[in-house]
Amino acid sequence: MSAIRFRLIAPAVLLCIVAAASAASGQATGQAPALRSPDVIFVPTPPEAVEAMLKLAKVGPNDVVYDLGSGDGRIPIAAVQTFKARSATGIDIDPQRIKEANENLKKAGVGDRVRFLNQDLFTTPIGEASVVTLYLLQSLNEKLMPKLQKELKPGSRVVSQSFSMGDKWTPDQTVQVQGRNIYLWIIK
């Protein structure tokens with residue numbers, strides 16, 4: 001009987017040891033362990049698309065911008081630096097992207113008006129945003145749609161590069177920049 005109990009307990013103990021070691025290695029390097037695997041690979045938004053997205057959303061001094069899947073931080077930094085947004089928050093699940101974004105933030109010199117959060121974009125509250133930017137897949141946009149419509153206030157703008165919300169949510173405006181569609185939705 002004790003041999004059977006040992007065989008059942010040993011794998012569970014081994015899993016706990018592996019999980020603890022994994023968490024400790026993330027802490028030892030100063031990096032938080034990954035929340036889960038990213039939904040998409042990191043593909044930087046070209047500068048002309050960043051500008052077009054923020055221009056289409058009419059970002060200005062009263063805006064709070066949230067970039068969901070913020071990668072290296074170029075959209076939140078540009079929102080504050082170039083478009084003079086009041087503040088911007090980048091959310092990314094990959095700790096390496098957050099590290100890069102914070103390095104880019106230091107170089108940009110916009111300091112405390114931009115922050116980057118290593119969080120899951122599907123669970124992070126976004127209700128204070130007046131503008132949300134996306135460069136995700138259409139399937140992820142569609143999955144986010146109920147959250148956007150529930151948490152954002154009327155008049156808030158959602159802008160996405162390359163990927164729409166399918167036929168579930170018709171954009172209020174679409175523009176093309178160097179062969180890329182940029183979609184805008186306004187929360188009603």
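The values are calculated or read from the model by the stated rules, or taken from the named source; none is laboratory data. For clarity, every value in this text was computed on a predicted model and none was experimentally measured. Counting neighbours? That spans all protein chains shown, and the Cβs are built from the backbone with ideal geometry, glycine included.
Taken over segment 171-188, the criterion of being over 18 Å from Pro46 (Cα atoms) and either of a type in the set (Phe, Trp, Tyr) or without any contact (Cβ under 8 Å) to a residue 24 or more places away in the chain (or both) is satisfied by Pro171, Asp172, Trp185. Scan segment 51-65 and give yes if some residue there is within 14 Å of Arg113 (Cα to Cα), assigned to a helix (DSSP H, G or I) and not aromatic (Phe, Trp, Tyr), otherwise no. No, because not a single residue in segment 51-65 is within 14 Å of Arg113 (Cα to Cα), assigned to a helix (DSSP H, G or I) and not aromatic (Phe, Trp, Tyr).
Taking the listed residues Ser164, Ser139, the one that is surrounded by fewer than 20 Cβ atoms within 10 Å (Cβ to Cβ) and assigned to a helix (DSSP H, G or I) is Ser139, with no other qualifying. The set of residues from segment 143-161 being crowded, with 21+ Cβ neighbours inside 10 Å, among the aliphatic types (A, V, I, L, M) and in contact with a Phe, Trp or Tyr (Cβ under 6 Å, 6 or more places away or on another chain) comprises just one member, Val158.
Of all the residues in segment 72-99, those that are assigned to a loop (DSSP other than H, G, I, E, B) and either crowded, with 24+ Cβ neighbours inside 10 Å or in contact (Cβ under 8 Å) with a residue 40 or more places away in the chain (or both) number 4. So, Arg113, is that one touching a residue at least 12 places away in the same chain (Cβ under 8 Å), basic (Lys, Arg) and touching a helix residue (DSSP H, G or I) at 6+ places or on another chain (Cβ under 6 Å) or not? Here the answer is yes, as Arg113 does meet what is asked. Screening Thr133, Thr124 for residues that are in a loop (DSSP other than H, G, I, E, B) and among the hydroxyl-bearing types (Ser, Thr, Tyr) leaves exactly one candidate, Thr124.
Just one of Val80, Val65, Val110 is modelled with pLDDT under 95 and assigned by TED's automatic domain parsing to the domain that holds Ala52; which is it? Going through Val80, Val65, Val110 in turn, the sole match is Val110.
Criterion first (under 30 Å from Ala88 (Cβ atoms), modelled with pLDDT of 95 or more, of a type in the set (A, V, I, L, M, F, W, C) and within 18 Å of the chain's Cα centre (by Cα)) does Ala32 satisfy it? No.
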